[in-house]
Amino acid sequence: SRIAQTLITAFILGIILFGALNLAYLMHGWPINPNSILFWLASMALTLGIILPWLARWIDKTLSKVLFGVTFDETSAIKTYSQNVSADWDQAKLSKQALDFILQEMGTDRGAFFINQDDRPGHVTFQMIASVNMPTLETGYFSGSDLWIDYLRQQHTAVTQYDLDVLPAFKNLQENARNWLTSMPVELFFPIILRQRDLVGLLALGSKSNHRPYWPQDLNRLQILASQIAVDMDKAKLFGQLGEVNRKLGELSGQFETFDQGKTDFLSIASHELRTPLTQIHGYASMLLETTEAELQDPAYMALVFKGIAKGSTRLKEVVDLIFDVSKADIGELDIAKGPVNLAEIVNEATANQKDALEQRGHQLVISGLDQLPLIEGDMSRLLQAVNHLLNNAIKYTPDGGIITITGRKITKDGTITQVELIITDTGIGIDPKDQKRIFEKFYRVGNVSHHSTDSVKFKGAGPGLGLPLVAGIARAHGGRVWVESPEYNEETCPGSQFHLILSVQIPDEEPKPTSAAPSSMAETRHWGREEQRLIQKKIAQQKRAQKK
């Protein structure tokens, strides 16, 4: 450090002066007071130790200018920089080129280039982006109000290790900043400042190879070069941001294309889903219109016609309800009737609903761990919808004779059960990782739309593509989430899939949402409420009992 250099210089000068005075005393017999000689020797040595380095700088600068015509030329400095540093729009490459040029110009073989990675006001994060003969350094995290950061912004000049040790401005330097700066084997730090105040980077330079200090002309040259580097780094940053924007636009364009194709597929599937039951209803209704007197008296024939109409209308209602439910779930307005729910009963009822499909496909169903689950707060009918869709999905995408497992587990936090998890595992064809998030998005479909089928049992018979989005909406409405895990899609090895449905034991209170008018098509449509549906089902049951009697 400069303190050590000054003390060593003063000590050497003191010895020389002491020897000179002793020689004069011996040769000429000069009277010397021992007390005064020590005082004057110490004063002269210390004064010369301080003056000589500055004197050496002035002499070096003057001789260079007078004898060799060396002067500082800003235009020449920028021209030389432009010739040696190519306009690379990659910040890392540009930083390395700029650092190599600076080290060559300053006559040092050690240095580092740090870039400020923090765009937040009042924060500075220096990360090493290029280095030469430097150890690996940790990223420095500082406040914009730190003494040395503020000094660099205000003074636009170098800070040396000597300054950090001596200058009063750095007496109260923050400990983390001092430790970070002094850990580097360098002599000075020079700021890269843009637009007078923006600290975009930092140069750390080691000692010169000739062991000379950095003269004022060196700092002036660094000032000009740092200004040019700041401009180039800003251009590179803007170019990088533009590239990132273009990349995101490309992704959005691809997503819009996928969404548009998905919407087209959905309309095609929805029209098919609606056309099939409508055709069935229309056909049986036509049969009813053309019924003869004899056929009207035939109970078996009339039962066949009415059952056909009922089956078609039931399927039509299921499709329409599913479309409206998914639309509501997509905007977070799914109706939820809170009440105590036993998940074991939900799974048992869903299993009963899918019993025929399981038997038709020859699947084995294994259920475990549900009895240990606590009652949760939720909507029984909605949760039954979710489990039905997940179980049906496993049935359709598992080859005949597969195994489907439903397990449950408790999730605790601080010793309290806060959530429960249903895990539905199959031995099916699996799901490609790139599709595992998007299968829960509305309009998204895996595979070709030609695989669509209204059959809920057929292998790979893709339905309207709304079941999993509805499951995701139901999970969110219950303070939970759903996701799938699968190593790959492979119809030969059948790696299987595992769907995880997490539900909160207690549904979190929802924030009030702004009310909005329903679309005219929805407002004019009659939707049965839950109470009305129960009354209708009760009447149907009464009619069936009456018929049996």
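Of note:
- The count of lysine pairs in the stretch 89-237 whose Cα atoms are under 24 Å apart, excluding pairs fewer than 8 places apart on the same chain, comes to 5.
- Distant-in-sequence amide H partners of Tyr397 (H built 1.01 Å from N, under 5 Å): Lys460
- Close amide H contacts of Gln419 (hydrogens built in the peptide plane, cut-off under 5 Å, sequence separation of 5 or more or a different chain): Ile411, Val505.
- Table column - 3J(HN,Hα) (Hz), the stretch 290-296, Karplus curve with 6.51, -1.76, 1.60, x for Gly and Pro: 8, 5, 8, 4, 5, 5, 5
- Over 30 Å between alpha carbons, listed pairs Lys248/Lys442; Lys355/Lys460; Lys248/Lys338; Lys317/Lys396; Lys263/Lys413; Lys311/Lys442: Lys248/Lys338; Lys263/Lys413
- Computed lengthening from Glu290 to Asp321, 0.36 nm per intervening residue step minus Cα-Cα distance: 8.0 nm
- Of the GluC sites (Glu not before Pro) found in the stretch 99-176, those in coil by DSSP whose Cβ has at most 13 other Cβ atoms within 10 Å are Glu138.
- Dividing the mean sequence gap of close Cα pairs (under 8 Å, 6+ apart) by how many residues the stretch 334-510 holds gives a relative contact order of 25 percent.
- Between Gln154 and Asp330, the simple label model (points 7 Å from Cα in the Cβ direction) yields a spacing of 5.8 nm.
- Amide N proximity, the stretch 121-150 versus Asn176 label position 7 Å along Cα-to-Cβ, cut-off under 19 Å: 121-128, 137-150
- Going from the fewest other Cβ atoms within 10 Å to the most, the residues His156, His211, His389 appear in the order His211, His156, His389.
- Spin-label pair Gln506/Arg476, simplified geometry with 7 Å Cα→Cβ offset, distance in nm: 2.4 nm
- Derived scalar couplings ³J(HN,Hα) [the stretch 190-200; Karplus, 6.51 cos²θ - 1.76 cosθ + 1.60; whole Hz; x for Gly, Pro]: 10, x, 9, 10, 10, 6, 6, 10, 7, 7, 8
- Sites His282 and Val457 - FRET efficiency at Förster radius 25 Å, r taken between beta-carbons, to 0.05: 0.50
- 5 angstrom amide H check on Ile403, placed H, neighbours 5+ away: Gln364, Thr427
Rule-based calculations on the coordinates, nothing more; no lab input. What you are looking at is a predicted structure, and each value in this text was computed from that prediction instead of being measured. Neighbour counts are summed over all protein chains in view; Cβ atoms, including those assigned to glycine, are modelled from backbone coordinates with ideal geometry.
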